[in-house]
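Please read the structure below before turning to the comments.
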Amino acid sequence: MVQAGGHRVLAGLLGATLLLGLGGCSSQRASAKVNEDWLARVPPAQMESVNQARITQNKAQDETTRARVSAEDAKRELSVAEKNEKAAKTSVDAQKKAVEAANKMGQADRIAQAQQAQQQAEQAQQVAQAEVDFRKQVVKTRDAMEKMRARELDVANAELSKAEYQALVNSGDTRAEKLKAQDFDNALTKARSEAALQQKEVEALLQQQRDAQAKWQQLDSQVKAYGGSGR
């Protein structure tokens, strides 16, 4: 009974600690945010930086939306490429059966034709598979791009909050004393750091995407040059 009670006490302490931690994070986020009602008393002439920050925020929001739509488009394009690759594989299987049938008939010309058709079907499948590989890479890149735009929106939000705080301070509003400039600076620094890291990931994925595209297009060109069916 003593042991069970000890577990309950420990769980209670951990729970309280977690709640305090979450409360601390929430308080920190709240301290880097200006009450919109307070800005109503700021003279319009002192709101220029705030208005500009709002324009930047709107643009960042638009870019986030576009990135999400682009990522959805990439997934649809991948689905089409996978269907094409499946059809190409079906064609290869059919041509293999045609070669088997020609071999049973023992006619050299029909065997040669069937083998050539099989070879072309296999080349088409290779091209289709290369396109699937490329489309998969595009999906990865655009998913990462969507995350990057979201991080950039975080930066815009942090810049807006800082501009609002500064406008409040410049207007002489005493309520600004309830806030800390360091909280706004820290939030902006963190947002910029996370955006920079996400941008590096996007750049790496873009290079992989370019490599996959080059491989697909080169294979497609080679197949067409040798008289294959290509895509």
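Could you tell me which of the residues GLU131, GLU177, GLU203 is within 24 Å of ALA87 (Cα to Cα) and assigned to a helix (DSSP H, G or I)?
GLU131
Looking only at segment 140-153, count every residue that is aliphatic (A, V, I, L, M) and open to solvent by 20 Å² or more (accessible area, probe 1.4 Å) and tell me the total. Can you show your working first?
Of segment 140-153, the ones aliphatic (A, V, I, L, M) are 144-145, 148, 150, 153.
Those left that are additionally open to solvent by 20 Å² or more (accessible area, probe 1.4 Å): 145, 150, 153.
The number of residues fulfilling the criteria is 3.
Among the residues of segment 120-139, are any of a type in the set (Lys, Arg), under 30 Å from ALA32 (Cα atoms) and open to solvent by 20 Å² or more (accessible area, probe 1.4 Å)?
Going through segment 120-139, the residues of a type in the set (Lys, Arg) turn out to be 135-136.
Going one step further and asking which of them are under 30 Å from ALA32 (Cα atoms), we end up with none.
For segment 120-139, residues of a type in the set (Lys, Arg), under 30 Å from ALA32 (Cα atoms) and open to solvent by 20 Å² or more (accessible area, probe 1.4 Å): absent.
Condition first: in a helix (DSSP H, G or I) and either surrounded by 15 or more Cβ atoms within 10 Å (Cβ to Cβ) or among the small types (Gly, Ala, Ser) (or both). Now tell me which residues in segment 31-45 satisfy that. Give the steps one after another, and end with the answer.
Initially, segment 31-45 is screened for residues in a helix (DSSP H, G or I), giving 31, 36-41, 44-45.
Correct list: SER31, TRP38, LEU39, ALA40, ALA45.
Take ASN103 and tell me if it is surrounded by fewer than 16 Cβ atoms within 10 Å (Cβ to Cβ), more than 30 Å from GLN218 (Cα to Cα) and modelled with pLDDT under 95. Spell out the reasoning first.
Numbers: surrounded by fewer than 16 Cβ atoms within 10 Å (Cβ to Cβ): yes; more than 30 Å from GLN218 (Cα to Cα): yes; modelled with pLDDT under 95: yes.
Against the criterion (surrounded by fewer than 16 Cβ atoms within 10 Å (Cβ to Cβ), more than 30 Å from GLN218 (Cα to Cα) and modelled with pLDDT under 95), ASN103 qualifies.
Given the criterion in contact (Cβ under 8 Å) with a residue 40 or more places away in the chain and buried (at least 16 other Cβ atoms within 10 Å of the Cβ), identify the matching residue among LEU160, LEU188.
Answer to the check: LEU160.
Does VAL138 satisfy the condition of being under 30 Å from LYS89 (Cβ atoms), touching a Phe, Trp or Tyr at 6+ places or on another chain (Cβ under 9 Å) and part of a helix (DSSP H, G or I)?
So VAL138 fails the test.
Does segment 210-227 contain at least one residue that is farther than 30 Å from PRO43 by Cα, hydroxyl-bearing (Ser, Thr, Tyr) and surrounded by fewer than 19 Cβ atoms within 10 Å (Cβ to Cβ)?
Yes - at least one qualifying residue is present in segment 210-227.
The values are calculated or read from the model by the stated rules, or taken from the named source; none is laboratory data. All of these numbers come straight from a predicted model, not from anything done at the bench. A quick note on method: Cβ atoms are made from the backbone with ideal geometry, for glycine too, and the neighbour counts reach across all protein chains shown. Just the protein is used for accessible areas: all its heavy atoms, side chains included, with ligands, DNA and RNA removed. Shrake-Rupley method; radii C 1.70, N 1.55, O 1.52, S 1.80 Å.
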